[in-house]
Amino acid sequence: MLELANTRFVFLDIETTGLSPWFGDRICQIAVIVTEGKRIKRTLDLLLDPERELSPSAIHIHGLDNASLKGKPRFADIADELASFITDGILVCHNARFDLQFLDNEYRKLGRTVEFPNLIDTLLMARDYYELPSYSLGHLSKDFQISTYIEGSRAFADAITMKNLFFAMVESLKTVKKTLDDLIGIYNSPAWPREGIYLPTELSEAIHSGKKLFIHYMDKDGSISERWITPREVIGLSDYLYLQAYCHTREADRTFRLDRILSLQE
């Protein structure tokens, strides 16, 4: 049985140019925190040149711009260093399939594969053992009274928050006698489209909840509109992923390109 105090954990968070590696989106920021038990041993916090433009939603969310990524290392430049961080230990992610599909895609471009036989997804962990109104990292940090880390990159801040959330949940699950072994799963490389479309936590929850959302949306010409919508499903068309929804503002069904949704809130 694994003992928390001497187990190596690898907390991973990434930021991307958009929402789908299948349509060319790539990693532009990556953070890794390696711990032995709760003790931090190594960290990695990098901006990357994704070799493509950021989507409007990525610029809005990350606070990055295309110019700030020019001249940064490419993924190929850091692939070996990153592998030395992530391939030994229990990998921990929040909404793991979303992040790992991008990581998998980057290594495939280099003719390599990555395997994670020991994986813990804090999103699934929270959904399996707690009944809460939202399972986004931000909401969970409030529910578990985790202070939000604000220094460093967005990816590094989220990795710190995820680390603290993970240990808080492990501690609380002692009351129901759940062990680390009970939480570990295996990551299998996704295969489009059979494995489905993996989305960021907030968007996935919004689609499945059926609740009305208030969104800021950027049209092709760059103009921004505000709308109330009820999301229905995400579909992959020839050029990108689209959200089909009922638009209460226009009182009609509408289709929104996902990488142009700048923000959404209930």
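The numbers here are math on the coordinates, done by the rules we state, and not lab data. These figures come from a predicted structure and were not determined experimentally. Cβ atoms come from the backbone with ideal geometry, glycine included; neighbour counts cover every protein chain shown.
Between G24, L103, S225, whose Cα lies farthest towards the positive end of the dipole of the chain when Lys and Arg beta carbons carry +1 and Asp and Glu beta carbons carry -1, centred on the Cα centre?
About the Cα centre, the residue reaching furthest to the positive side is S225.
Select from A206, A157, A76 the residue whose mean-square fluctuation is largest in a Gaussian network model of the chain (Cα-Cα springs shorter than 10 Å).
Looking only at A206, A157, A76, the biggest GNM fluctuation is shown by A76.
Using the 10 angstrom Cβ neighbour count as an exposure proxy, how do M125, M169 rank, fewest first?
On the way: M125 23, M169 20.
Exposure proxy ranking, most exposed first: M169, M125.
Over the residues of the range 203-265, compute the C-alpha Rg and express it relative to 2.2 N^0.38 Å. It would help to have the intermediate numbers written out before the result.
Details: Rg = 10.8 Å, N = 63, 2.2 N^0.38 = 10.6 Å.
For the range 203-265, the normalised Cα radius of gyration is 1.02.
Around L262, which amide H atoms from residues at least 5 apart in sequence, or from another chain, sit under 5 Å from its own amide H, with H modelled in the peptide plane?
So L262 has HN proximity to H216, Y217, M218.
Kindly state, as a whole number, the per residue volume in cubic angstrom of the convex hull around the alpha carbon atoms of the range 1-152. The partial results should precede the final answer.
Values: hull volume 20.9 nm³, N = 152.
Value for the range 1-152: 137 Å³ per residue.
Which percent of Cα-Cα pairs in the chain sits in each 10 Å bin, short to long?
6, 29, 36, 22, 6, 1
With r defined as the distance between the Cβ atoms of H139 and D239 and R0 fixed at 25 Å, what FRET efficiency is calculated, to the nearest 0.05? Working shown, then result.
Working: r = 32 Å, r/R0 = 1.29.
Between H139 and D239 the formula returns 0.15.
At 222 nm, what helix-only mean residue ellipticity would the chain give, in deg cm²/dmol to the nearest 500, using -39500 (n - 2.57) for each DSSP H run of four or more?
Numbers: 9 runs with 84 residues, N = 266.
The helix-only estimate for the chain comes to -9000 deg cm²/dmol at 222 nm.
What whole-number distance in Å separates the alpha-carbon centres of the range 23-69 and the range 197-260?
Cα centroid to Cα centroid, the span is 24 Å.
Could you list which residues have their amide H under 5 Å from that of H248, counting only those 5 or more apart in sequence or on another chain, with H placed in the peptide plane?
For H248, whose amide H was placed from the backbone, the distant partners under 5 Å are W228, I229, T230.
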